[in-house]
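Below is one structure, written out as structure tokens, with a few remarks after it.
The values are calculated or read from the model by the stated rules, or taken from the named source; none is laboratory data. Values in this document were obtained by computation on a predicted structure and should not be read as measured data. Glycine gets a Cβ as well: all are built from the backbone with ideal geometry, and neighbour counts include every protein chain shown. Remember, those area values only see protein heavy atoms, side chains included, never the ligands or the DNA or RNA. Shrake-Rupley method; radii C 1.70, N 1.55, O 1.52, S 1.80 Å.
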Amino acid sequence: MNLKINDNVFDQFPNIETKNLVLESFMIKDAEEIFKIRSDDRVTKYLDRDNHKTVEESGSMIQSIIKSFEDKTGINWIIREKISFEVIGYIGYWNLIRENVRAEIGYALKPEYWGKGYMSEALLKVIEFGFNDFNLHSIMGNVNPQNKRSIKLLEKYGFKKEAHFREDYLYNGKYLDSEIYCLLEKDL
Ligand SMILES: CC(C)(COP(=O)(O)OP(=O)(O)OC[C@H]1O[C@@H](n2cnc3c(N)ncnc32)[C@H](O)[C@@H]1OP(=O)(O)O)[C@@H](O)C(=O)NCCC(=O)NCCS
């Protein structure tokens, strides 16, 4: 049983390759592609965060993601399709709860790439990295209960619903429910 995060993963950015995808470090030059993702209503519908209004905003997000790796507080990958080398989305452990050897996962794909199994492919490798290399004990996802695509994806790999919080999140003048899904190392 893992009792401590493996900090060696922060020595060098851990690129990941899957059958159809490469997962790499975010770069500032990817700001326009991230803007396309985070300014699209179909993507942000259940993220319950404001759409990015400018490419600069996406650049700031990238800067804080790069800093989180330097500070050893998160690992986030940009996802490229191998065949086109286009940035199609991102995935990562954006919130590391070090004392509990736990991390919160987040992900998004450009809608043109939904329904191809690409996020399933990326998520499996990121989960395996999380348990085998990062030494996580548990991985959690916080989802809007209406985000059926995301829930289906988490359940596919055995994430269990552990909580349904009623109206715990105030966004845009509305109190929204949240669901917490979790995968323990021993579940995989
Ligand atoms: C959540 C999100 C990443 C899921 O994307 P997705 O493409 O549905 O997820 P998957 O990669 O698991 O693909 C599954 C779909 O691909 C299909 N598929 C095709 N080939 C496949 C393959 N080889 N393997 C697996 N699935 C395949 C499946 O049938 C399924 O389609 P369906 O939903 O029409 O039945 C996407 O909806 C998204 O970016 N949402 C916006 C951001 C967001 O909400 N993030 C989560 C916040 S908690």
Taking the condition of being over 17 Å from the mean Cα position of the chain (by Cα) and open to solvent by less than 100 Å² (accessible area, probe 1.4 Å), how many residues in the range 153-164 meet it?
2
Of Lys67, Lys53, the only residue that is under 17 Å from the mean Cα position of the chain (by Cα), open to solvent by 80 Å² or more (accessible area, probe 1.4 Å) and either more than 23 Å from Gly141 (Cβ to Cβ) or at pLDDT 95 or above (or both) is Lys67
Failed item, numbered, when Tyr93 is tested on (1) touching a Leu at 6+ places or on another chain (Cβ under 7 Å); (2) within 16 Å of the ligand (Cβ to nearest atom); (3) within 22 Å of Asp11 (Cβ to Cβ):
(1)
Somewhere in the range 172-185, is a residue open to solvent by less than 50 Å² (accessible area, probe 1.4 Å) and assigned to a loop (DSSP other than H, G, I, E, B)?
no
Please verify whether the range 56-64 includes one or more residues that are assigned to a strand (DSSP E or B), of a type in the set (A, V, I, L, M) and open to solvent by less than 20 Å² (accessible area, probe 1.4 Å).
no
Quick check on this structure: which one of Arg166, Arg149 is assigned to a helix (DSSP H, G or I) and without any contact (Cβ under 8 Å) to a residue 40 or more places away in the chain?
Arg149
Of the residues that make up the range 112-121, is at least one open to solvent by less than 10 Å² (accessible area, probe 1.4 Å), on the phi < 0 side of the Ramachandran plot and within 14 Å of the ligand (Cβ to nearest atom)?
no
